[in-house]
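Following: one structure in structure tokens, then a few remarks.
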Amino acid sequence: VQVRESGGRLVHAGGSLRLSCVVSGGTFSEYSVGWFRRPPTKERESVARIAWSGAGSTTYYADSVKNRFTITRDNAKGTVYLQMDSLKPEDTAIYYCAAAWRLTIVSEGYDYWGQGTQVTVSS
């Protein structure tokens, strides 16, 4: 299974950005996918997760991004999106996408990781 993120760039505070994550090499609908980020000088943190289709594609959001970020999946395209609105400078980080077969929404035990994409929010 391969995971590839894209869409990161420099954006002004208050702006929007959409990240894409393509998962290939498996039956996409059976993979749960999560977005994580690593801010400068901080540890990696979970941002948003979406369960595999058989689990209803339920979603999880970190408190810091609730009502600003939206995670969705398009099974036909094998892609998960992270729509980020009302961006803040503290959202600056390397964003990683990860996938795992039929992982529950509460777990962070992802097996396959992308290389990351840089998001920088200027004040």
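The values are calculated or read from the model by the stated rules, or taken from the named source; none is laboratory data. Computed from a predicted structure; not experimentally measured. Cβ placement follows ideal geometry from the backbone for every residue including glycine, while neighbour counts extend to all protein chains displayed. When the accessible area is computed, the model is the full protein with side chains, heavy atoms only, and any ligands, DNA or RNA have been set aside. Shrake-Rupley method; radii C 1.70, N 1.55, O 1.52, S 1.80 Å.
A few comments on the model shown:
- In Å², nearest 10: area of Arg73 left accessible to a 1.4 Å probe: 40
- Exposure rank, largest accessible area first [Trp52, Trp113, Trp101; 1.4 Å]: Trp101, Trp113, Trp52
- Accessible surface ranking that places the most exposed of Leu10, Leu19 first, with a 1.4 angstrom probe: Leu10, Leu19
- Carbon-plus-sulfur accessible fraction, segment 1-81 (probe radius 1.4 Å, protein heavy atoms only): 46%.
- Highest GNM mean-square fluctuation among Val106, Val22, Val11, for the chain modelled with Cα contacts below 10 Å: Val106.
- Accessible area of Asp63 (1.4 Å probe, protein heavy atoms only, ligands and nucleic acids ignored): about 130 Å².
- Each Cα pair under 8 Å and six or more residues apart adds its separation to the average, and for segment 41-123 the resulting relative contact order is 26 percent.
- For Glu5, the accessible area of its heavy atoms, probed at 1.4 Å with every protein chain present, is near 20 square angstrom.
- Potential lengthening between Ser122 and Gln2 on full extension [0.36 nm per residue; Cα-Cα distance subtracted]: 40.1 nm
- Considering only Leu87, Gly54, Gly34, and ranking their Cα positions along the charge dipole of the chain that arises from unit charges at the beta-carbon of Lys, Arg, Asp and Glu, the one farthest toward the positive end is Leu87.
- Each other residue within a Cβ distance under 12 Å of Arg37 adds +1 if Lys or Arg and -1 if Asp or Glu, for a net charge of -2.
- Along principal axes, Cα extents of segment 42-111, largest first, whole Å: 35, 24, 19
- Whole-Hz couplings from phi, Karplus 6.51/-1.76/1.60, listed for segment 27-34; x for Gly and Pro: 7, 4, 4, 9, 10, 7, 10, x
- For segment 100-123, the residues whose backbone nitrogen is under 12 Å from a point 7 Å from the Cα of Ser46, taken along Cα to Cβ, are 103-110.
- Close amide H pairs (under 5 Å, H built 1.01 Å from N) link Thr92 with Val121, residues at least 5 positions away or on another chain.
- Probing with 1.4 Å while keeping every protein chain in the model, the per residue accessible area of segment 1-77 equals 52 Å².
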